[in-house]
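Some notes on the structure that comes next.
Any read-out appearing in this document is the output of simple, stated calculations on the displayed coordinates, not a laboratory observation. This one's a predicted model, so the numbers in the text were calculated from it and none came from an experiment. Neighbour counts are summed over all protein chains in view; Cβ atoms, including those assigned to glycine, are modelled from backbone coordinates with ideal geometry.
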Amino acid sequence: MWGHSGVFELGPSDAVLKRELASKKRHWVSALLALMPSEINQLMAREAEEKFDDYDYIKDLLLKRFKLSAEIFRQKFVKHQRNPAQSWRDFVFEITSYFEEWLGGLGVNDFEGLKNLMITDQLKRRVPGDVREQFIDDWVKSIVPGDLADKLDEYESVRANVKGAHSNDTSHFVKAKTCQLRRGLTYRDRIPITPIVRPENPFEVWSVDCIGPLEPSSRRGHKYIICAVDICTRWAEAVPVRNIKAKTTCEVLMRIFTQTGFPRIICTDQGTNFTAELTEAFKDALGIAPRFATPGHPESMGAVERWNRTLKEMLNKNIQENGNNWDSHLPYLMFAYREVPHSTTGVSPYQLVYGRLPNGPLKLLKEVWTGGKEIPTGSSKSIEEYLRDLTEKLKQAHNLARGNSEKAQAEYASRYNLRSREKRLAVGDQVLVLIPSSSHKLLKNGWVPHLS
C-alpha cells in the first residue's frame, strides 16, 4: 500500500504474503528445474542432496553455468544496443536489469557501495593494459577504489625498483626455463650482418644446396633437386636426382662444372653429402676450396636459399598442373628464371653470362609475324667483330650488375640490421642453440644449452 509520503509501505496482508513467499521459496527450485533442459538436471545430479532446496545456491550455480557473471552483466550494460524494432521503454527495462544484476553480482546494495563501484570503474579505464594484466585474477572483484589504488601504487614502486636494479641482480626476475626453451626466434635474436663481396668473374664461387624429398616424386623416381647458384651472375642450376648421396652429388657437380669451368670456392651447408670423404676428395682433386655455413645460420647461404624458395614456388604451380611429370618441365622453368632481370644485379643471369638477351619463344614468334626473321648470309659480322662486341657488352653488363649488386646488398644489410644488436660471447659462456628435437609442433623443444 502507498503511505502519505508517497512511499510504498507493506500492509499487514502484504507482510503475510512476504512471509509466505519466503517460506515457499524452496519450492521454486523444483518448479524452476522442471522447465530446464536435461543438461541442467544432469548438472544438479552431481550436487549434494541438501542443496536441492536452496534457491539462492541453485541460482548462482545456473548463472555460473551460463557464464552470467557480474562482469558479463557489466559488459551488457555498457555495450547493449537498442533493436530498431524495440520500444525505448523495453530498452530501458533491459539495461536496467543488466545494471541491477551487475550490482547484485558484486554485492553492492547501498549508495556507498554504488559510489565506490563507479569510481573504481573510472579508475580501471585509465590503467594501461600491461599493468592491468598483472591483476588479471582480482581485476573484476576489485570494487573499492582505495584498495585498488594502493595495489597499483605498490606495483609501480616495485617495477621502478626493478628497472633501476643492477644488471647482475636477478632476484626480481622469475626464470621460466621451460618457456624460454620453447619460444621461437624473434628479431631480438638477430645480430648485425655485412654484405657478401661479389666475385669479379662468373662461375668462380658457387653456392650449393639440396631440396627434398619432394612429393610426389617424378615418374622417373626423382625425389630431390640439387641446386647451385653462381654468386657473380646469379646463374642457377637445378638437377633432379633420385638420392643425395655423396656420389650422386659429385656427379651432378661434375656435370655442371664441365659446362661452366671449375670454380675456386664452393659454399655449402654441413650436410653429410657435402662433408663426406668422397666429396672432400672430389674437391681436393679439382683444387676447389670448401666454405661451410655455420650451423643454425642459413643467412650465409642467402643466395641459394632464396633461389630454393623461388624454385619451390614455381614447382608448386607446375606440380598442380603436371603432377609427377614435374622433372621434365624443369628446363623450361630454368629458362624462364634465367632470362628475367635479377633483383640484386638488375640484369638477367643469361645476359651476364652470354652478353645478350636470349632468343625466347615470344621473340622468335614476333620476328616471324613481323617478317623480321632472315636467314644469315655471308655479310654477317666477322668473328673478330663479334668477339669485340661481345666483350664490350659483357663489360658493360658486369659493371651495371656490380653497381646494382653493391647497392641492393647494402640495402638488405641495412634493413636487416635495423632491429639487430651486437652480441659478445666469451669462452665458457652458456648459450642457447636452436636445434629442433622433433618435427611435431607440440613436442619440439628446440633451444638446447651449450657452452661456447
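Computed values, structure above
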| item | result |
| --- | --- |
| In order through region 259-266: 3J(HN,Hα) via Karplus (6.51 cos²θ - 1.76 cosθ + 1.60), integer Hz, x for Gly, Pro | 9, 10, x, 7, x, 8, 9, 10 |
| Segment residue 82-residue 280, length gained on full extension (0.36 nm per residue, minus Cα span) | 63.5 nm |
| Distant-in-sequence amide H partners of residue 210 (H built 1.01 Å from N, under 5 Å) | 227 |
| Entries in 151/423; 79/115; 283/317 that, when Cα-Cα distance is taken, lie over 31 Å | 151/423; 283/317 |
| Cβ-Cβ FRET estimate between residue 131 and residue 322, R0 fixed at 41 Å, reported to 0.05 | 0.10 |
| Under 13 Å, Cβ to Cβ, from residue 256 - net charge with Lys/Arg +1 and Asp/Glu -1 | -2 |
| Distance between modelled label sites at residue 155 and residue 141, nm, 7 Å Cα→Cβ extension | 1.5 |
| FRET efficiency, 1/(1 + (r/R0)^6) with R0 41 Å, evaluated for residue 313 and residue 291 via beta carbons | 0.95 |
| Region 232-237 - phi-based ³J(HN,Hα) in whole Hz, Karplus 6.51/-1.76/1.60, Gly and Pro as x | 6, 9, 6, 5, 10, 10 |
| Per-pair calculated FRET efficiency, R0 = 22 Å: residue 254 and residue 219 via Cβ, rounded to 0.05 | 0.30 |
| Label-point separation in nm, residue 118 to residue 90, each point 7 Å along Cα→Cβ | 3.0 |
